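Novice: Mind having a look at this structure? Questions to follow.
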Amino acid sequence: MERVRIDKWLWAARFFKTRAQASKACELGRVLSHGQPVKPARDVKVGDRLRVTNDGGDFEIDVLDLSDVRGPAPVAQALYRETDESKAARAKAAEERKLYREYSPAPAGRPSKRDRRHIIQFRGGR
């Protein structure tokens, strides 16, 4: 196997749960190859450097192997290698989210009628 569609490869490497989600991410510009946005039908080759943005964060990866079949997670993780800078950036972002959660307490309960009116007014309603 020399080439595989990038949406199939992203699905097989478990960056997205469905191939449709991988395709949509390509169309929205959340997948970059060598700094350029790619279309879902573009072929990915061994040695390509990809930048993938999904719910898990921003990944910068090097393609090590090709597959168009979704397999178990250990097999999927062998298809790519994440760069050290990418790992450090994702760890830093996770730490910032954790700190932010500590400084913003959760509300005690449901908003009162007065609070709800303030929320609606703040959002631009009525």
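Novice: Would you mind checking the tilt of helix 84-103 against the longest principal axis of the Cα atoms of the chain, expressed as 0 to 90 degrees and rounded to 10?
Specialist: 10 degrees
Novice: Oh, and also: Compactness ratio of the chain: Cα Rg over 2.2 N^0.38 Å, N = residue count?
Specialist: Output field value: 1.43.
Novice: How large is ³J(HN,Hα), in whole Hz, for each residue of segment 27-41 in order, when computed from phi with the Karplus curve 6.51 cos²θ - 1.76 cosθ + 1.60 and θ = phi - 60°, using x for Gly and Pro?
Specialist: Listing the rounded values in order: 5, 7, x, 8, 10, 10, 10, 6, x, 10, x, 10, 8, x, 8 Hz.
Novice: Name the residues whose placed amide hydrogens come within less than 5 Å of the amide hydrogen of Asp48, ignoring near sequence neighbours (fewer than 5 apart) on the same chain.
Specialist: Val63
Novice: Can I ask one more? Using a 1.4 Å probe on the protein heavy atoms, what percent of the accessible area of the chain belongs to carbon and sulfur?
Specialist: Carbon plus sulfur share of accessible area: 51 percent.
Novice: For segment 64-126, compute Rh as the Kirkwood radius over C-alpha pairs and then the Stokes-Einstein diffusion coefficient at 37 °C and 0.692 mPa s; write the answer in µm²/s, rounded to an integer.
Specialist: Taking Rh from Cα pairs, D becomes 198 µm²/s.
Novice: Another question about this same structure. If the chain between Leu99 and Arg49 were fully stretched, how many nm would it gain, using 0.36 nm times the residue separation less the Cα-Cα distance?
Specialist: Extra length available between Leu99 and Arg49 comes to 14.9 nm.
The values are calculated or read from the model by the stated rules, or taken from the named source; none is laboratory data. Please read all numbers here as calculations on a predicted model, not as lab measurements. For the accessible areas, the whole protein counts, side chains as well, though only heavy atoms, and no ligand, DNA or RNA atoms are used. Shrake-Rupley method; radii C 1.70, N 1.55, O 1.52, S 1.80 Å.
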